[in-house]
Amino acid sequence: MILNINQLRAFSTAARLKSVTKAAQELMVSTPAITMQIRRFEEALGLRLTFRQGNSIQLTRIGRIMFAKSDRIFKQIKDMEGFLAGIAKDKAGILRVSCPQTPAKYFMPSLLTIFKKIYPNVKIVMDQGTSSEIVESIQNQKVDLGVIYCGHKHKRMKVKPLVKEEILLVAAVNSSHFLEKEISVNQLSTAPLIVPEEGSATREVVFAYLRKFNVKPVIAMESASVELIKQLVRQDQGVTFLVRSAVRDELHHRVLKVVPIVEGSPTIEYGIAYLQRKYLSPGAWAFVRLLEVGGQRSLTMTQQKK
């Protein structure tokens, strides 16, 4: 018999993740579509491969054998894709990327440097925007890839996690707002807070964090410029929340300080977002493949050395 590759992929993905729902998310199709593909696959084979146990997918004896074989097949396909990407690496192309201000300055350059060493003939066109603007640019196909906050779920887009950062409460070294070495999050209800503009992922995460503790902040100022926010904080015009990489130099030179919070600091995870594979340029797909085969690990190591 001739195997249906889509049916085999649906079965293999659901078996690996032990979930039809997770398989649907990974393959960017509906849950019923995965269920239908697996059922038709079993009907074509005349064999029972799966059964449900609670909320997870379990495999029959023959199902486990089929999964082992199919898993090897798809690993070989992935290796082949990498091989073909390698053959095409010297071809010219354009990679259009959009990135928020902080990642654009503090960690994307490292990743793009790694990419250019491998694909020197791909031209990179990079612009900046807020997380919400970047999502819109990806959906309208104005850019191939975008760095966005991983906390959002977008049906049309796939997001590959890149890096997780701690968001620190930062104040002037001799701040008049917090004299204690450590504060409770409730004390933020009276301190003047300087925040990024609306649409910023950092702002969104911080506000969600404050809502969790029923803290209503006093917004003193807001700005689209991280550098301006840092200057205002240095002048003790207020306090702010910024990711660690954005204030690493200021903390090292002791021109700003971290105010520890008893309840802990919020975190933000950035990821590379894109539409389905068919919408990506060769340069964009090469970048995604780089993340899968080691570029992300190199980025993490670079971040740790800084």
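Taken together, the values in this text are just the output of simple stated rules run on the coordinates, not laboratory data. Since the structure is predicted, the reported quantities are computational estimates derived from the model, not experimental observations. When we count neighbours, we look across all protein chains shown, and the Cβ atoms used for this are built from the backbone with ideal geometry, even at glycine.
Straight-distance candidates among the aspartates and glutamates for linking to Lys142, with alpha-carbon spacing under 18 Å and chain neighbours fewer than 8 residues away dropped: Asp127, Glu133.
For the chain, a Gaussian network of Cα nodes joined below 10 Å ranks Ile65, Ile118, Ile38 by mean-square fluctuation, and the top entry is Ile65.
Rounded, prolate or oblate: pick one for region 1-139, where a ≥ b ≥ c are the square roots of the eigenvalues of its C-alpha gyration tensor, a/c under 1.5 means rounded, and failing that, prolate if a/b is larger than b/c, else oblate. Walk me through the numbers on the way to the answer.
On the way: a/c = 3.07, a/b = 1.95, b/c = 1.57.
Here region 1-139 falls in the prolate category.
3J(HN,Hα) along region 262-276: 4, 6, x, 9, x, 10, 9, 10, 9, x, 8, 10, 7, 7, 4 Hz, from the Karplus curve 6.51 cos²θ - 1.76 cosθ + 1.60 with θ = phi - 60°, whole Hz, x for Gly and Pro. For region 142-287, rounded, prolate or oblate, judged on the Cα gyration tensor with a ≥ b ≥ c (square roots of eigenvalues), a/c < 1.5 rounded, else prolate if a/b > b/c? Prolate shape, in that a/c is at least 1.5 and a/b is the bigger ratio.
For Lys78, the lysines whose Cα comes closer than 21 Å to its Cα, not counting residues fewer than 8 places off in the same chain, are Lys18, Lys22, Lys69, Lys89, Lys91, Lys158, Lys160, Lys278. Taking the number of Cβ atoms within 10 Å of each Cβ as an exposure proxy, the fewest-first ranking of Ile134, Ile183 is Ile183, Ile134. Here's how it looks for Leu95: its modeled amide H is under 5 Å from those of Lys123, Ile124, Val125, which are all 5 or more places away or on a different chain.
Amide hydrogen proximity for Thr50: with H placed 1.01 Å from N in the peptide plane, the residues at 5 or more positions away or on another chain lying under 5 Å are Thr60. Principal-axis analysis of the Cα atoms of the chain puts helix 296-305 at an angle of about 30° to the longest axis. What does the C-alpha gyration tensor say about the overall shape of region 203-298? Classify as rounded when a/c is under 1.5, otherwise prolate if a/b is larger than b/c, or oblate. Prolate. Given the choices (i) 45, 37, 17; (ii) 43, 24, 16; (iii) 34, 24, 18, semi-axes √(5λ) of the Cα gyration tensor in Å derived from the coordinates of this structure is entry (ii).
3J(HN,Hα) along region 104-117: 4, 8, 9, 9, 5, x, 4, 5, 5, 5, 4, 4, 5, 5 Hz, from the Karplus curve 6.51 cos²θ - 1.76 cosθ + 1.60 with θ = phi - 60°, whole Hz, x for Gly and Pro.
Which pairs, out of Lys117/Lys257; Lys75/Lys117; Lys164/Lys257, put more than 32 Å between their alpha-carbon atoms?
Numbers: Lys117/Lys257 37 Å; Lys75/Lys117 26 Å; Lys164/Lys257 21 Å.
Checking Cα-Cα distances, Lys117/Lys257 exceed 32 Å.
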